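K.L.:
Submitted below is the structure of interest, expressed as structure tokens.
The values are calculated or read from the model by the stated rules, or taken from the named source; none is laboratory data. Bear in mind that the values here come from a model prediction, so they are computed numbers and not experimental data. All Cβ positions, even for glycine, are placed from backbone atoms using ideal geometry, and neighbour counts span all protein chains on display.
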Amino acid sequence: MATVLASKQKVKKSSLAKRNLQKLLNNKLAVFGLIVVTAMILACIAAPLLTPYDPMKISLSERDLEPSSNHLFGTDKLGRDVFARTLYGGRMSILIGLSGAIGGMLLGVIFGSLCGFFGGTLDAIFVKIAELVSVVPQLLLVLVLSTFLGAGVQNLIYVFMFTGWVATFRLVRGRFFSLREESFVEACRAFGIGNLSIAFKHILPNCLGPVAVQLTLNTAGFILQEAALSFIGLGVPSGVPTWGNIMNAAKEIIVITQSPWLWIPPGIAIALFVLGVNSLGDGMRDVLDPSQL
Amino acid sequence: MLKYFVSRILLLIPMLLVIGLVVFIGLELAPGDPITAMIPPDQLSSMTLEDIEAMRESLGLNDPMLVRYFRWLFNLIKGDMGYSVVTGTPIASIIQNLLPATIKLTFAALIISTIIGLLFGIVSAIKSNTFIDYISSVLGVIGISMPEFFIGILALLIFAIRLKWFPAQGRTDVGLNALQSLKYLVLPACSLGMVLAAALMRYTRNAMLDVLNKDYVKTARAKGLPEWKVYYKHVFRNSLMPISVLLLLRLPMLIGGSVVIEQVFGYAGVGSRLLAAINGSDYQLVLVIILLLSTVSLLASVLIDMFTALLDPRVRLGGDIGGAK
Amino acid sequence: MNKQDYILSINDLKTQFKIGKRVVKAVDGVTLNVRRGKTMGLVGESGCGKSVTAHSIMQLLPKAGSIKEGEIIFRPQNSEEFDIAKYRKTDKKLRNMRGRQISMIFQDPMSSLNPVYRIGDQIIESIIQHERISKKAAIKRTVDMLEMLSIPQADKRIMDYPHQFSGGMKQRVMIAMGLITNPELLIADEPTTALDVTIQAQILELMQQMQEQLGFTIIIITHNMGIVADMADDIAVMYMGKIMEFGAKEDIFLRPTHPYTRALLKSVPVLGNGGNDRLEPIRGTTPDPSDMPEGCSFMPRCDLATEKCKNAPPYEDVGNGHMVRCWYAKGGAANE
């Protein structure tokens, strides 16, 4: 009986997923976002094909050059090609933002389902922790944690995971609270399906839409934060190019006025990518919840 | 309602204790002897090792950590925050000089973004699916996608350097009248507030459209109320609750953003001091500033939370407190 | 009958919704006369356009909907008659009419009251909008009205918020809000659907009592044949945006002529209407309103359908103002 129920649900789910995908592809906003995001990710991955320059290679003879056909975005104070740095920097920025967001999502989903399903003391403790984490400015939290862990790409991802689970946690927990009272959960219980199986197989799939939207929000947020942290010199070590690190040069007025090619391209890259991610998220939200339109 | 407020304020205490503890552990783990952070550096140089050990004992530095934690906390509350190892000045006086500037900046950004965000959000909702709505929606999504410091740099370049409307760098209160010192505030506050304004605008629009579909709005129209009254009394008023919840969630980001924006504009507040302290390994100062900024964020959150509660009779009358969240 | 005996005359009303590029003809040529001081029941399945008809009378349609054709003549007792359909939704004329001359109560009392204002304030808002009156007098009138509607301790309860009221009590508040300005017409859109069965009867009885005391006209919209049997003097049966049959209660229940009305009566139990008859569901489903069949809209589901039904049937009087929209209404084929 249980397998019949499960397989039936599966059939319905896949057709629903298909329908939602169709709707997503009809949504102009989502398609725009998807195109921007995919194009930028591909460009960053294909960086070696798009530029002959090594982003790290210092060339003292070519310092501070204006954009030209040789150097599309010019060169920086050490003669490194800004176009190459923006492409390779994008790899790192997107990697950090995405893995931080995915890690945070996983933590949020796990904590959220456990707390939402079982409630009780565990739930009370996590709710308090979540409140604490969300009320302290994330930037400051990152600062404290990086004094513990030290600077570095991996540590930054850990820090984002640690600070980024809260929104997903709240979302999943809330959905669980309302769904566990639904009759289909009672039906599962009546069939003798175990708690964990109910939680992860039957309730969790109902939360995945909003979780996916939250994932886009978090990715956008973390890319912005990485940029801000690296800009003030506290994110990724300055040797590794990221969009924020490249913009770090714009802390000096002379760079802002004299060498705009050093900070405008990475700035636009950040804004464009985040815009794409946000549009995708907005489009997904429209598809999942038309009433929010 | 009073009960709710009291419980809200009481809840602050454990949260502050936990944040304080995290900061204190950070201080413990940070390199350097805590004693050097407690004595003015000029005295320190004339002390022998035995003196320091005796002092360590008398100051209770060999006590268990929790005891030292609470002692540190009480000292902090009394205003004795130790000394900056780098400059030798008491941290309390550094904070005293800089914290008001940062609060002023953040508050100004909050006001600006609330006004702009609500205004455009309301107009978008009323004129939904028109050209105006379309334009402001596009601007809104661009706004939330821009890094604050990028907005800041652009504003600096355009309004300060090219147009020369505002000073490019710095903040000083000395010898300036209110209007002149306000000029130093405009660009940082606007840059800081822009992202929040965009977020608020989008949220206000959606919240109002959400409320517009509610039956009680139809009831209000069925009573024969004029449209502006329907919008003001029934739509906007009811949208305020979700809007203030968003404000609550976004506030810590605003305070975090102030650190970055102060850096862009060379605005002398705790944020730029914090960065200098980090670069100078001035850990005591770093952690005190982080603790203070967190406290400000926490206090502001509680204030907004109380405001939200005031708006909702279900919470106000001591019913289901979860309803406000 | 004299024209003045009808408080409301709807002629060939067409209300449409534009959803994306699709146009949905929710109301497609409704003609109705509502007798002053009486109760008219508008019945039909969900989605037949009965609620849209009611909202058209108040011009409370959502943004996507608008009246395309027809007239809605309203004849207030002490002022000039006017055509509601001629005015824009936000026109002052209509604003003054809403809540003062015509009031409306909705299906779900839980969501029809604004949760952030006191009950009393929400009722008083209606008085103050339409009359020059002191706050004190307005409060007094509110309390009196709530007492008439049997709300205990009305003077204290006006200080309460909606969440402190039960569903039935909220619907009483809604009725009070509608009647406080002494309107001539009360439109009740499924007023009891969201309530418990026991509460339903109380609310309906209260509405009838109030009607006896104040003498207003009621249009009650429902899918429940039992309710119209109880309340209505006249009944209009609606299907796919059109009135299929209209007549006095006795005509509809004792001499149902349209196949749809007959099917409808067979599909629901009505107390005292032959307890041993088996209930029969209406076969088929309602067609998509944006893709309506040519001719008679009931044809695909009708047992009597013939070639003739591919042309739109006339709306004819079969005697005593009993109107039927069917080719076989007079021919006798329907009167098996």
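K.L.:
Considering only the range A:245-264, I want to know if a residue exists there that is under 17 Å from the mean Cα position of the chain (by Cα) and at the interface with chain B (Cβ under 9 Å from one of its Cβ atoms).
P.N.:
Looking for residues that are under 17 Å from the mean Cα position of the chain (by Cα) and at the interface with chain B (Cβ under 9 Å from one of its Cβ atoms), one finds none in the range A:245-264, hence no.
K.L.:
Okay, moving on. Just name the residue that is surrounded by the most Cβ atoms within 10 Å (Cβ to Cβ) out of those in the range C:132-152 that are free of Cβ contacts under 8 Å to residues at least 12 places away in the same chain and closer than 22 Å to B:Pro226 by Cα.
P.N.:
Across the range C:132-152, the extreme among qualifying residues is C:Ile133.
K.L.:
Could you list, in sequence order, all residues of the range B:107-137 that are facing chain A (nearest Cβ under 10 Å) and part of a helix (DSSP H, G or I)?
P.N.:
B:Ser137
K.L.:
Please work out which one of (1) more than 14 Å from chain A (Cβ to nearest Cβ); (2) at pLDDT below 90 is the condition B:Val230 fails and give its number.
P.N.:
B:Val230 satisfies all of (1) more than 14 Å from chain A (Cβ to nearest Cβ); (2) at pLDDT below 90 except (2).
One line per residue, one yes/no per condition, for (1) among the hydrophobic types (A, V, I, L, M, F, W, C); (2) within 11 Å of another protein chain (Cβ to nearest Cβ); (3) within 17 Å of the chain's Cα centre (by Cα); (4) part of a helix (DSSP H, G or I):
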{"residue": "B:Gln284", "(1), (2), (3), (4)": "no, no, no, yes"}
{"residue": "B:Leu293", "(1), (2), (3), (4)": "yes, yes, yes, yes"}
{"residue": "B:Ser297", "(1), (2), (3), (4)": "no, yes, yes, yes"}
{"residue": "B:Ala300", "(1), (2), (3), (4)": "yes, yes, yes, yes"}
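K.L.:
Is the range A:78-98 home to any residue that is in a loop (DSSP other than H, G, I, E, B), without any contact (Cβ under 8 Å) to a residue 12 or more places away in the chain and of a type outside the set (Phe, Trp, Tyr)?
P.N.:
The answer is no, given that none of the residues of the range A:78-98 is in a loop (DSSP other than H, G, I, E, B), without any contact (Cβ under 8 Å) to a residue 12 or more places away in the chain and of a type outside the set (Phe, Trp, Tyr).
K.L.:
Let me ask something additional. Is there a residue in the range C:262-275 that is within 25 Å of the chain's Cα centre (by Cα), under 17 Å from C:Leu32 (Cβ atoms) and at pLDDT 85 or above? Full working, then the answer.
P.N.:
Within the range C:262-275, the subset within 25 Å of the chain's Cα centre (by Cα) is C:262-273.
When the remaining residues are screened for being under 17 Å from C:Leu32 (Cβ atoms), the result is none.
Scanning the range C:262-275, I find no residue that is within 25 Å of the chain's Cα centre (by Cα), under 17 Å from C:Leu32 (Cβ atoms) and at pLDDT 85 or above, so the answer is no.
K.L.:
Test A:Gly267 against the criterion of being under 19 Å from A:Phe222 (Cβ atoms) and assigned to a helix (DSSP H, G or I), and give yes or no.
P.N.:
yes
K.L.:
Further question on the same structure: Residue by residue through the range C:26-42, note down the ones that are out of contact with any Lys or Arg (no Cβ under 7 Å at 6 or more places or on another chain) and either surrounded by 19 or more Cβ atoms within 10 Å (Cβ to Cβ) or on the phi < 0 side of the Ramachandran plot (or both).
P.N.:
Hits for the range C:26-42 are C:Ala26, C:Thr31, C:Leu32, C:Asn33, C:Val34, C:Arg35, C:Arg36, C:Lys38, C:Thr39, C:Met40, C:Gly41.
K.L.:
Something else now. Keeping to the range B:231-258, report how many residues are over 20 Å from B:Asp312 (Cβ atoms) and either free of Cβ contacts under 8 Å to residues at least 40 places away in the same chain or touching a Cys at 6+ places or on another chain (Cβ under 6 Å) (or both). Lay out the reasoning, then the answer.
P.N.:
Initial filter on the range B:231-258 (over 20 Å from B:Asp312 (Cβ atoms)): B:252-258.
Remaining after also requiring either free of Cβ contacts under 8 Å to residues at least 40 places away in the same chain or touching a Cys at 6+ places or on another chain (Cβ under 6 Å) (or both): B:256.
The total comes to 1.
K.L.:
Answer with yes or no whether A:Asp81 is under 22 Å from A:Ser238 (Cβ atoms), crowded, with 18+ Cβ neighbours inside 10 Å, of a type in the set (Asp, Glu) and over 17 Å from the mean Cα position of the chain (by Cα).
P.N.:
Yes: the conditions hold for A:Asp81.
K.L.:
Now, a different point. Please pick out the residue among A:Val153, A:Val142 that is at pLDDT 75 or above, within 14 Å of chain B (Cβ to nearest Cβ) and crowded, with 16+ Cβ neighbours inside 10 Å.
P.N.:
A:Val142
K.L.:
Out of C:Gln129, C:Gln107, report the one residue that is within 14 Å of another protein chain (Cβ to nearest Cβ), outside any helix (DSSP H, G or I) and either farther than 22 Å from B:Tyr231 by Cβ or more than 15 Å from the chain's Cα centre (by Cα) (or both).
P.N.:
C:Gln107
K.L.:
When only residues in the range C:181-221 that are of a type in the set (Asp, Glu) and touching a Gly at 6+ places or on another chain (Cβ under 9 Å) count, which is farthest from C:Leu60 (Cα to Cα)? Can you show your working first?
P.N.:
Our first condition is that a residue be of a type in the set (Asp, Glu); within the range C:181-221, this holds for C:184, C:189-190, C:196, C:205, C:212.
Those left that are additionally touching a Gly at 6+ places or on another chain (Cβ under 9 Å): C:184, C:196.
Details: C:Glu184: 18, C:Asp196: 27 Å.
Result: C:Asp196.
K.L.:
Just to verify a result, which residue in the range B:140-163, among those that are at pLDDT below 90 and surrounded by fewer than 17 Cβ atoms within 10 Å (Cβ to Cβ), is nearest to the other protein chains (Cβ to nearest Cβ)?
P.N.:
Result: B:Ile161.
K.L.:
Output the residues belonging to the range B:82-122 that are touching an Asp or Glu at 6+ places or on another chain (Cβ under 6 Å) and among the aliphatic types (A, V, I, L, M).
P.N.:
Residues satisfying the conditions are B:Val85, B:Val86.
K.L.:
If you go through the range C:64-71 one residue at a time, do you hit one that is within 11 Å of another protein chain (Cβ to nearest Cβ) and either farther than 18 Å from C:Ile220 by Cα or part of a loop (DSSP other than H, G, I, E, B) (or both)?
P.N.:
Looking through the range C:64-71, at least one residue is within 11 Å of another protein chain (Cβ to nearest Cβ) and either farther than 18 Å from C:Ile220 by Cα or part of a loop (DSSP other than H, G, I, E, B) (or both).
K.L.:
Let me ask something else. Taking into account only those residues within the range B:259-282 that are within 8 Å of another protein chain (Cβ to nearest Cβ), in contact with a Gly (Cβ under 8 Å, 6 or more places away or on another chain) and free of Cβ contacts under 8 Å to residues at least 60 places away in the same chain, which is farthest from B:Val302 (Cα to Cα)?
P.N.:
In this case the residue turns out to be B:Asn279.
K.L.:
How about the range C:182-258: which strands (runs of 3 or more DSSP E) wholly inside it have at least 2 residues that are among the hydroxyl-bearing types (Ser, Thr, Tyr) and either surrounded by 19 or more Cβ atoms within 10 Å (Cβ to Cβ) or more than 15 Å from the chain's Cα centre (by Cα) (or both)?
P.N.:
Because the criterion is at least 2 residues that are among the hydroxyl-bearing types (Ser, Thr, Tyr) and either surrounded by 19 or more Cβ atoms within 10 Å (Cβ to Cβ) or more than 15 Å from the chain's Cα centre (by Cα) (or both), the strands (runs of 3 or more DSSP E) in the range C:182-258 that meet it are C:217-222.
K.L.:
Do you know which of the residues in the range C:248-259 that are in contact (Cβ under 8 Å) with a residue 12 or more places away in the chain and out of contact with any Lys or Arg (no Cβ under 8 Å at 6 or more places or on another chain) is farthest from C:Asn320 (Cα to Cα)?
P.N.:
Initial filter on the range C:248-259 (in contact (Cβ under 8 Å) with a residue 12 or more places away in the chain): C:248-249, C:251-253, C:255, C:257-259.
Within this subset, residues satisfying the condition of being out of contact with any Lys or Arg (no Cβ under 8 Å at 6 or more places or on another chain) are C:248-249, C:251-253, C:255, C:257, C:259.
Details: C:Ala248: 9, C:Lys249: 12, C:Asp251: 9, C:Ile252: 12, C:Phe253: 15, C:Arg255: 12, C:Thr257: 13, C:Pro259: 19 Å.
Result: C:Pro259.
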